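Have a look at the structure below, then the notes.
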Amino acid sequence: MGNNGENVMQKSILSSLAVCALLVAVPAQAADEYAVGLSGAITGPVAGTYAPAVEALRLYIDKVNAAGGVNGHPIHLIVQDDQGQPSMGATNAKKLLGQDNLLLLLNTSLSSTYAPMIAESQRAGVPLLFAASVCPKEVYPPAQPTLFCTTAFASQFDSRATLAFVKEKSGTSINLGLAAMSIPLSRGEIDYAEGLAGEMGMKAVDKEIVPPAAPDYTPFATKLQQASPDWVYSWAPWVTEVKTLEALRKLGWEGNYIGWGHIETEGELARLKDGKFYAIGANALFSDRLPVQQDITATATAANSTYAANLMTEGWIAGMVVEAALKQAGWPATPEKVLAAMSHLKVDTKGLRGGPLEWTADNHFRTRQYYRVYRWNPASNGIEVVKDWTAYEVH
Amino acid sequence: MQLAVNIVVLAATYALIACGYVLIYRVSRVLNLAHGELMMVGAYLLVTVASASALPPLLAVGLAAALSLGVGVLVHLFLMRRLTGQPALAAVLTTIGLGILLRGLVVLLWSAEQQHPAQSLGLANPPITLFGGGRISTLSLALVLTTGAVYGGLFAFLRFSRWGIRMRAAGQNPLLAAQRGINLNGIYAVAWGLSTFTGSVAGILIALDSGLDTTMATIGLKAFPVALVGGLDSLLGSLLGALIVATAEVVLIQYVDPLLSDVVPFLILMAVLLARPWGLFGSREELDRV
């Protein structure tokens, strides 16, 4: 290679390094701010679930700051994208925790990113909040001291509430079909539901575990349909829940279908207009028209948000909790003060959930989990509440 | 009957995607590992066309497919052309980088939300009951028919048209083809355009039938073993490969364990490669050249 080629190569390397430095740099925060870090799947295959929550949290923090901040100090939210990849989650945690005065770390990503982030946050003594990502078992009683969760869904509790609803509607002499995605969390929950259904006297006639990138759900639905279920229950990412339903309907199956109500529920109920499709969840849908939901809508509209307001409940609740924890920690705050505040926190969710979100010293999930069931009502051509808030104690 | 319908639909899906891998490899010996992402971009172009215009569904689909053809040509002109004459590995690595870039751009441009272009276009998708009681959605039937039309068109194009014959010549001996005055860059651009077009047509039809999100790129990658099983330089091979893989998947879902459907394409691939490394209909000399 000649001199010219070497120069070009050197310039390319230097340019690449400069670009990399810009990409990985974490903006420094001022000393009079509350510093909060977040690693989330903002891009990548699962971004549809997590990116709206990150956007909502950002909008909520901006709103708090515009109103004067917390205890007179702004919150500085530092967001890093991990694309749902464990290695990037670990790198992000190191970068964020390397900041001076970081008070709280948030995870809004896949469960595969948990282990490295938990290890890094515990090493640094900074509380870690799972927001819009599935609650790990360590937040349930007896909780690990530094781990907390605001996310709506809760393994085992969700299936208990779902099958209790099915029993209420149709009794226990029913054939139950089950559908999951072939990821550990979904499979584990559906396995639990299969056992619980048996204990309740229901007959689990088929269980389909669908790979994440199935080009056609019809072969799986065919097998489900042939088992003649009265009800089908799916606890999986939304894409699996709804594509299984659509494939079943395509095959002419007319039974009842119930799935976990993810953030997409509202728009999808309206799209599908299926009166026998029930969505059970812990968040209120925007068809309730609560004042707080109107506030979210106005904020999202004013910010010209990429995502619809009805996708933002999870992120908004996380914002409420962050604000409440920092307020209770006072100023100047330290990770220890924030941790103490979070260990005895009660946040009014203003109707976004069935009741307040309350943490105690050994319960960092919530002391009560509330469920509601919605469906599309073809007669009124709108979403309706089929079963109102039902509380489950979390011990 | 339903089992047969499921096999035909899945085979048609894989075949329509796989022919894009074959077209590029056959002409330029490049394994395009961004094919799934390009297919996804084609489907997202339909989302844009559907939301930005009031075109009738067929015209909107046609326009999105035509735009995707342009995307393929642009990928060649601005990226792959610069790698002509470089080792094949450099081109393959470039397609991996292109795939990562496209995945990020899709989220930035269209967001990560699930999209339903059929709804935007006001397109209904009622099921059709076939002879024997099997059911198929209208758009799945359209996908099967389109796959037949695309393969028929490609066979005719490669066999009888001037550009098709030039493409075959460039694939067999690029040096000789160039010495005979064939414009290799033009041929490669056409191959990239056609490959992206066929992949996008698959992506568009899947998106219309069952929605669209960023996992579509992974579906594109699932068709890669199909092309390898059939032989990377054989369109007929990719048809047969698609039928074999789809049959194995659907039968395993039905009678053994649905979880096996994810690994069976790769098991078949390994079995075929052990017995016939150049694929069922691939050319032995091409493998030696690789």
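FYI, it's all coordinate maths here, none of it is from the lab. In this text, all values refer to a predicted model and were calculated from it rather than measured experimentally. Cβ atoms come from the backbone with ideal geometry, glycine included; neighbour counts cover every protein chain shown.
Quick one: Karplus J couplings for the range B:51-61, per residue in order, coefficients 6.51, -1.76, 1.60, θ = phi - 60°, nearest Hz, x for Gly and Pro?
Running phi through 6.51 cos²θ - 1.76 cosθ + 1.60 with θ = phi - 60° gives 7, 9, 9, 10, 5, x, x, 5, 5, 4, 5 Hz.
List, in the order given, every pair from A:Lys327/A:Lys350; A:Lys167/A:Lys276; A:Lys95/A:Lys350 whose Cα-Cα distance in the structure shown is over 25 Å.
A:Lys95/A:Lys350
Taking amide hydrogens as modeled 1.01 Å from N in the peptide plane, which residues meet the under 5 Å criterion relative to A:Ala35, leaving out close sequence neighbours?
A:His76, A:Leu103
What ³J(HN,Hα) values, in whole Hz, does the Karplus curve 6.51 cos²θ - 1.76 cosθ + 1.60 give for the range B:263-280 when θ = phi - 60°, with x put for Gly and Pro?
Ordered by residue, 3J(HN,Hα) equals 9, 4, x, 7, 5, 4, 4, 5, 4, 5, 5, 5, 7, 8, x, 8, x, 5 Hz.
How much length is gained if the chain between B:Ile165 and B:Ala54 is pulled fully straight, taking 0.36 nm per residue apart and subtracting their Cα-Cα distance, in nm to one decimal?
Working it through step by step, the gained length comes to 36.1 nm.
Exposure proxy check: A:Phe130, B:Phe160, A:Phe277 ranked by fewest other beta carbons within 10 Å?
B:Phe160, A:Phe277, A:Phe130
Any idea what % of Cα-Cα pairs in the protein assembly as shown are farther than 42 Å?
32
Using the Cα centre as the reference, give the magnitude of the dipole from point charges on the C-beta atoms of the range B:151-228 (Lys, Arg: +1; Asp, Glu: -1; all else neutral), rounded to the nearest 20 debye.
500
Considering only B:Gly193, B:Thr146, B:Gly104, whose Cα is most displaced toward the positive end of the charge dipole of the range B:2-216, charges sitting on Cβ of Lys, Arg (+1) and Asp, Glu (-1)?
My answer, from the dipole projection, is B:Gly193.
With axes computed from alpha carbons, what is the tilt in degrees of helix A:184-200 against the longest principal axis of chain A, rounded to the nearest 10 within 0 to 90?
Helix A:184-200 and the main axis of chain A meet at about 30 degrees.
Would you calculate a helix-derived [θ] at 222 nm for chain B, using -39,500 (n - 2.57) for each DSSP H run of n ≥ 4 and dividing by the full residue count, to the nearest 500?
It comes out at -24000 deg cm²/dmol, rounded to the nearest 500.
Once the Cα atoms of helix A:313-329 and of chain A are each reduced to a long axis, what angle between those two axes, in degrees from 0 to 90 to the nearest 10, is obtained?
50
Show me A:332-343, A:106-117, A:73-84 ranked by packing, highest mean number of other Cβ atoms within 10 Å first.
The peptides rank, most packed first, as A:106-117, A:73-84, A:332-343.
Could you sort out which of A:Lys94/A:Lys337; A:Lys207/A:Lys250; A:Lys137/A:Lys387; A:Lys250/A:Lys387 sit more than 26 Å apart by Cα distance in this structure?
A:Lys137/A:Lys387; A:Lys250/A:Lys387
Which residues' amide hydrogens lie under 5 Å from the amide hydrogen of A:Ile174, considering only partners 5 or more residues apart or on another chain, with H built in the peptide plane?
Here A:Lys203 satisfy the definition.
Return the long-range amide H neighbours of A:Thr146 (sequence gap of 5 or more, or a different chain), with a cut-off of under 5 Å between placed amide H atoms.
Those qualifying (amide H under 5 Å, at least 5 residues apart or on another chain) number zero.
Can you compute 3J(HN,Hα) from phi for each residue in the range A:259-274, using the Karplus curve 6.51 cos²θ - 1.76 cosθ + 1.60 with θ = phi - 60°, rounded to whole Hz and x for Gly and Pro?
x, 5, x, 6, 5, 7, 3, 4, x, 6, 4, 5, 6, 7, 6, 10
When a/c reaches 1.5 or more, the comparison of a/b and b/c decides; with that in mind, is the range A:174-269 rounded, prolate or oblate per its Cα gyration tensor?
Cα axes put the range A:174-269 in the rounded bin.
Rounded to the nearest 10 degrees, what's the angle between the helix A:157-170 long axis and the longest principal axis of chain A, both from Cα atoms, 0 to 90?
20
Any aspartates and glutamates with Cα under 19 Å of the A:Lys273 Cα? List them, leaving off those in the same chain fewer than 8 positions away.
Cross-link targets: A:Glu241, A:Glu246, A:Glu254, A:Glu264, A:Asp288, A:Glu384, B:Asp209.
Where the only charges are on Cβ atoms (+1 Lys, Arg; -1 Asp, Glu), what is the dipole of the range B:2-216 about its Cα centre, to the nearest 20 debye?
920
For A:Thr299, B:Thr84, B:Thr147, A:Thr218, what's the fewest-to-most ordering of other Cβ within 10 Å of each Cβ?
Least to most surrounded, the residues fall as B:Thr84, A:Thr299, B:Thr147, A:Thr218.
Might you report the magnitude of the Cβ-based charge dipole of the protein assembly as shown about its Cα centre, with Lys and Arg at +1 and Asp and Glu at -1, to the nearest 20 debye?
That gives a dipole near 1740 debye.
Could you work out how far the C-alpha centroid of the range A:321-395 sits from that of the range B:205-270, in angstrom?
Each part reduced to its Cα centre gives a spacing of 43 Å.
Bin all alpha-carbon pair distances of chain A at 10 Å intervals from 0 and give each bin's fraction as a whole percent.
Result, from short to long distances: 5, 22, 31, 23, 12, 5, 2, 0, 0 percent.
Taking a cut-off of 19 Å between Cα atoms, list the lysines near B:Lys222, but don't count ones fewer than 8 places away on the same chain.
A:Lys243
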